[in-house]
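The values are calculated or read from the model by the stated rules, or taken from the named source; none is laboratory data. Keep in mind the model is a prediction, meaning the values are calculated, not measured. Cβ coordinates were reconstructed from backbone atoms using ideal geometry, including for glycine residues, and neighbour counts include every protein chain displayed.
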Amino acid sequence: MLARIYRPAKPAMQSGKAKTQVWKLEFEPASARTPDPLMGWSSSSDMNAQVVLNFESREQAVEYAQRHGIPFRVFEPNETRTIIKAYADNFAFGRKQPWTH
């Protein structure tokens, strides 16, 4: 019953960074999901897969796991660098590539 401690990444389809500052503790799946024969939905008998805990910092999540004797692995987030662009740069005189339609 190994737990993962990580900070979720920004959704690719949205520009906002909401809900990416919290740290999550969730358990890795203990068993594979199987399709239900009647409806075809995927199901699992692993109840720990439903548990997701949110923490304000990595230290709080690690402390919680240690206090409760939960083995864990910490995944550090990849920091994104911001590239500052201006719309006017598309029409600059010294542009490296010519502007075309």
Kindly check whether there is at least one residue in the stretch 30-52 that is touching a helix residue (DSSP H, G or I) at 6+ places or on another chain (Cβ under 9 Å), outside any loop (DSSP other than H, G, I, E, B) and modelled with pLDDT of 95 or more.
no
Quick one: I83 ticks every box in (1) among the aliphatic types (A, V, I, L, M); (2) more than 24 Å from the chain's Cα centre (by Cα); (3) part of a loop (DSSP other than H, G, I, E, B) except a single one, so which number is it?
(2)
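Determine, yes or no, whether E79 is out of contact with any Leu (no Cβ under 8 Å at 6 or more places or on another chain), acidic (D, E) and modelled with pLDDT of 95 or more.
Working: out of contact with any Leu (no Cβ under 8 Å at 6 or more places or on another chain): yes; acidic (D, E): yes; modelled with pLDDT of 95 or more: no.
No: the conditions fail for E79.
Out of all the residues in the stretch 10-29, which are in a loop (DSSP other than H, G, I, E, B) and in contact with a strand residue (DSSP E or B) (Cβ under 8 Å, 6 or more places away or on another chain)?
At the first step, the residues of the stretch 10-29 found to be in a loop (DSSP other than H, G, I, E, B) are 10-22, 28-29.
Answer for the stretch 10-29, where residues must be in a loop (DSSP other than H, G, I, E, B) and in contact with a strand residue (DSSP E or B) (Cβ under 8 Å, 6 or more places away or on another chain): V22, E28.
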Go through the stretch 82-100 and report how many residues are exposed (fewer than 10 other Cβ atoms within 10 Å of the Cβ) and either at pLDDT 95 or above or of a type in the set (A, V, I, L, M) (or both).
4
